[in-house]
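The structure under discussion appears below in the form of structure tokens.
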Amino acid sequence: MEQHINEVIVVEGRDDIDAVSKAVNADIIATHGYGITKDTIERIKSAYETRGIIILTDPDSAGQRIRKRLTDMFPRAGQAYISRSDAISKDDIGVENASPDVISKALEAAGRTVSDIKEEYTSSDMMYYGLSGARDSRSLRDRLGRRLGIGYGNAAAFLKRLNGYGIERDELENILTEIENEK
């Protein structure tokens with residue numbers, strides 16, 4: 001059964017619309033890059049005020065700039081993330097390259113966004129769990145981010161996402177144990 005998303009999903013382009021449409025049944029708005037038109041902003045604003053929105057941009061620098069701009073305008077927007085490794089095809093990085101399953105999981109995880117950031121984790125926790133300061137921290141953050149549906153980020157961004165998504169310590173430790181057992 002196809003998953004239906006009530007919120008409107010905001011992506012960057014037409015290819016992203018096609019990819020998301022293969023994963024879920026939802027209304028989708030494309031920004032068509034950073035130069036978002038006034039009409040598109042109005043459509044997003046209307047969706048934000050009536051149904052809510054979920055922002056799903058490419059895991060690259062342009063996608064991050066677009067996400068920041070939209071989040072500044074719409075601070076209660078849901079945030080869906082796809083890791084770079086799940087969004088790459090040859091030298092192209094984008095939502096359009098992700099599988100329907102990856103997109104579906106990212107959108108499902110977006111429901112975990114909380115407005116009040118719970119400061120469950122600190123930079124000391126990041127080091128304790130090997131998520132920063134270790135030789136394979138980057139790889140571990142990538143694998144953990146995919147499992148949690150929060151995407152990849154540098155240590156500071158990942159810490160913010162762990163707290164922002166309200167990831168419980170038990171859940172984090174269980175997934176880290178699973179990752180360790182896969183080696």
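Looking across D60, D72, D15, one residue alone is surrounded by 13 or more Cβ atoms within 10 Å (Cβ to Cβ), more than 15 Å from the chain's Cα centre (by Cα) and either in the same structural domain as N154 (by TED's automatic domain parsing) or not aromatic (F, W, Y) (or both). It is D15. Looking across the range 128-142, the residues that are of a type outside the set (A, V, I, L, M, F, W, C) and either in a helix (DSSP H, G or I) or under 13 Å from L162 (Cβ atoms) (or both) come down to Y128, Y129, S132, S137, R138, S139, R141, D142.
Within this structure, A110 passes the test of being closer than 26 Å to R169 by Cβ, buried (at least 18 other Cβ atoms within 10 Å of the Cβ) and in contact (Cβ under 8 Å) with a residue 24 or more places away in the chain.
If I go through the range 163-183 residue by residue, how many of them are modelled with pLDDT of 85 or more and either in a helix (DSSP H, G or I) or within 22 Å of D58 (Cβ to Cβ) (or both)?
Here the count works out to 13.
Specify which of the listed residues (I36, I55) is farther than 25 Å from D101 by Cβ, touching a Leu at 6+ places or on another chain (Cβ under 9 Å) and of a type in the set (V, I, T).
So the residue among I36, I55 that is farther than 25 Å from D101 by Cβ, touching a Leu at 6+ places or on another chain (Cβ under 9 Å) and of a type in the set (V, I, T) is I36.
The values are calculated or read from the model by the stated rules, or taken from the named source; none is laboratory data. Just so it is clear, the model here is predicted, and its values are computed rather than measured. Glycine gets a Cβ as well: all are built from the backbone with ideal geometry, and neighbour counts include every protein chain shown.
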